[in-house]
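To start, the structure itself, in structure tokens.
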Amino acid sequence: ESCLILVHMVVYMGDANDFHPHHHHHGHGHGHEHHHDHGHNDQPHGNDDTNLSRFCPCCQEALDNLTMNKTEGFDTFPWVSIEEGRLDEGLAAIRNGHTAVDFDDAQVNEEQMELILAELSKPSCQLEALSLYESELNESAANRLAEILLYDSKLKFLNLSGYPIPVMALRGEQQRIGDEGTSTENQAVVSEDQPEVIDYTGIDLSEEKFNLYDTIVIGKLFANSKHILVLDLSSSEINDEAIGPIADALSINTSLLELNLSSNQIASTGAMLISEALTKNQTLTELYLDNNVITIEGANSIAAMLAVNETLLRLHVRKNSFGSEGADVLMAALESNTIIESFSCDNVNETELPNLGFEATDGENVLEPSLKT
């Protein structure tokens with residue numbers, strides 16, 4: 001069925017403190033043991049912008065009822081903890097069918113990591129949770145780990161840097177609780193007579209601290225997911241290096257509608273990588289890049305993307321470092337872009353808005369119909 005699109009052209013001009021992304025924040029348990037005991041900033045989220053809805057009813061319902069309790073159950077696994085110098089005990093625990101092994105205190109080096117990966121790749125491996133906090137990892141091992149998790153693993157949670165990654169959800173699987181225990185399946189459509197299915201249509205990975213190795217795994221897992229609609233990576237200290245795997249995944253993903261990268265450490269190189277990905281991506285409709293450190297070079301990359309992208313409907317780039325020069329570049333790009341319907345940016349020359357077919361909104365997020373046709 002085709003989507004009914006409600007068209008608004010709007011530039012958000014309100015105070016920055018009044019603007020909150022469409023951020024589906026849910027409370028969640030802290031991670032395993034002391035390594036994951038991190039606090040969250042309980043900031044308010046979300047002016048209700050359901051009047052901006054432009055998805056078909058089935059998509060909108062999925063967005064409104066996201067399942068994003070990312071660490072639920074992580075602490076409840078029967079963990080086997082491995083001490084330093086006792087790697088063989090950890091490998092034996094994996095071989096003996098234990099479902100959760102914690103190598104946090106084992107001081108795993110790169111050579112020992114290869115032994116763990118070898119066990120993880122075996123079809124007989126029953127691991128559902130693995131913690132490798134403070135272990136030595138390199139890009140090659142992280143990529144190999146991601147490949148194992150994508151194709152040959154029963155793992156549900158992985159901890160690399162103190163913040164659990166929900167592997168099963170990022171693979172796009174659904175968890176079904178039945179009479180015979182827990183199983184997973186890849187179907188995306190859930191009928192009303194199957195309420196026991198947990199449908200991961202949205203993944204909340206906000207307010208974490210992810211490095212390159214984390215994002216290699218995250219990117220590899222969600223790249224080929226067919227039904228994840230929303231991915232929230234806001235406030236996760238992602239920098240230009242760490243955003244690379246996310247951009248690579250975005251360039252080939254065919255299901256994601258909304259990506260929130262606000263309040264990170266993304267600069268112009270990261271903006272360029274995301275923009276390049278969006279010249280290939282044909283499904284993303286909403287992107288949040290607010291509160292990063294994007295300079296004029298990054299604004300130029302975003303503007304170039306706007307010249308060719310034909311699916312992005314909402315773009316949010318407030319509180320960056322490109323100033324009025326970058327705002328002018330982006331507004332100029334919108335002159336030829338007939339797709340963008342909502343655009344939030346600082347330092348916009350408000351007198352030019354009518355010429356572009358835009359109406360400014362105030363801090364109450366009041367919208368006016370588009371002047372463009």
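Each value in this text was obtained by applying a stated rule to the coordinates, not by laboratory testing. Since we're looking at a predicted model, the values are computed, not measured. Don't worry about glycine lacking a Cβ; one is built from the backbone with ideal geometry, like all the others, and counts go over all protein chains shown.
Local charge for residue 316 was computed over the other residues whose Cβ lies under 10 Å away, with Lys and Arg +1 and Asp and Glu -1, and equals +1.
Couplings 3J(HN,Hα) for the stretch 92-102, derived from phi with the Karplus relation 6.51 cos²θ - 1.76 cosθ + 1.60 (θ = phi - 60°), are 5, 4, 5, 5, 7, x, 5, 9, 8, 10, 10 Hz, where x marks Gly and Pro. The alpha carbons of the stretch 214-343 occupy a box of 37, 29, 18 Å along the principal axes, longest dimension given first. The convex hull of the Cα atoms of the stretch 202-291, projected and averaged over all directions, covers 4.6 nm².
Summarising the overall dimensions of the stretch 269-336 from its C-alpha atoms, the Rg and Dmax are 10.8, 30 angstrom.
According to the calculation over all Cα-Cα pairs in the stretch 80-181, the P(r) per 10 Å bin from zero is 15, 51, 28, 5, 0 %. Residue-wise HN-Hα couplings along the stretch 252-257, as the Karplus relation 6.51 cos²θ - 1.76 cosθ + 1.60 with θ = phi - 60° gives them from phi, are 10, 5, 10, 10, 5, 9 Hz; Gly and Pro carry x.
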